[in-house]
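Report on the following structure.
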Amino acid sequence: MRLTGELQIKCSRCNQDYTFDSYDFEYESSVCGEGNMGTRVQHSFLVNFECDRCRQMIDVELICYEYPDNSIDYTDEKHTGCSILEYPEFEIEFDFPEEFLSIYDQILMDPASVHNLSGWDFEELVAEVYRRHGFSASVTQKTRDGGKDIFATCAQGGITYTSYFQCKQQNAPVGVSVVRELYGVLERDGIDKGIIVTSSRFTRDAIHEADRLNGRIVLIDFERLRELMQQRGF
């Protein structure tokens, strides 16, 4: 079972809005009964956190009951400390043998599985995404990466531009220090652009710092990376 779309909620105390994508949820499943057509399974997707503005605790649980196998029986939800503005949708996730699926296809089918990748696999995924968008991209050797994970070039208007990539496969937001470090590497090597790609998101300070650098550093969070994976070209 998986979620598609976004959960949008509003804190009931201060009206602060929040949006969560499918990979932001904790997932639990359990058998909750037996019937004539087999086992009934409860799938729960959970979000709980403290409001940034008023410190109220917010809890949301989205529940889907699967019965019989590969069929949605009915759905339910529980929430405290918030109102729900928009719900994501439940989808049955069909299993395919992993040997028949590339990492690229696995992430498209199950975005949350990006957190199961090794750092190297995540870099290979990012390189493949940009190759499909016209770049010549290769993952660097870890022992001598020189401050970059991927070296890429792209020809535009008869001119070849070079980009350095830093890839951050992590759950925590990427901070401003990563932006500054990559910018220093660009300046040192005389490179046109740096691109930071993460399986999570960026802090406000990181976003502000990238904006200040006038396009030299591009930030690609996981939501944007998924969009690029679903597109055929820039």
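The values are calculated or read from the model by the stated rules, or taken from the named source; none is laboratory data. Small disclaimer: the values here were computed from a predicted structure and weren't measured. Using ideal geometry, Cβ is built from the backbone for each residue, glycine included, and neighbour counts are taken over all protein chains shown.
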**Request:** Could you please give the count of residues in the range 1-21 that are within 14 Å of Asn48 (Cα to Cα) and either out of contact with any strand residue (DSSP E or B) (no Cβ under 9 Å at 6 or more places or on another chain) or assigned to a helix (DSSP H, G or I) (or both)?
**Result:** 0
**Prompt:** What single numbered condition from (1) at pLDDT 95 or above; (2) surrounded by 18 or more Cβ atoms within 10 Å (Cβ to Cβ); (3) among the basic types (Lys, Arg) fails to hold for Lys78?
**Reply:** (2)
**Request:** Tally the residues that are within 17 Å of Gln169 (Cα to Cα) and either among the basic types (Lys, Arg) or at pLDDT below 90 (or both), restricting the search to the range 121-140.
**Result:** 1
**Prompt:** Among the listed residues Ser177, Ser200, Ser138, which satisfies the condition of being closer than 27 Å to Ser22 by Cα and either of a type in the set (Gly, Ala, Ser) or buried (at least 17 other Cβ atoms within 10 Å of the Cβ) (or both)?
**Reply:** Ser200
**Prompt:** Looking only at the range 204-234, which residues are buried (at least 16 other Cβ atoms within 10 Å of the Cβ) and closer than 21 Å to Ala172 by Cα?
**Reply:** Ala206, Ile207, Glu209, Ala210, Ile217, Leu219, Ile220, Asp221, Phe222, Leu225, Arg226
**Request:** Kindly check whether there is at least one residue in the range 3-15 that is under 21 Å from Gln230 (Cβ atoms), in contact with a helix residue (DSSP H, G or I) (Cβ under 6 Å, 6 or more places away or on another chain), surrounded by 13 or more Cβ atoms within 10 Å (Cβ to Cβ) and touching a residue at least 40 places away in the same chain (Cβ under 8 Å).
**Result:** yes
**Message:** Just to confirm my filter: which helices (runs of 4 or more DSSP H) fall fully inside the range 123-234 and include at least 1 residues that are touching a Lys or Arg at 6+ places or on another chain (Cβ under 9 Å), touching a residue at least 60 places away in the same chain (Cβ under 8 Å) and within 28 Å of Ser113 (Cβ to Cβ)?
**Reply:** 222-230
**Prompt:** Of everything in the range 42-59 that's among the hydrophobic types (A, V, I, L, M, F, W, C) and under 18 Å from Ser30 (Cβ atoms), which residue is surrounded by the fewest Cβ atoms within 10 Å (Cβ to Cβ)?
**Reply:** Leu46
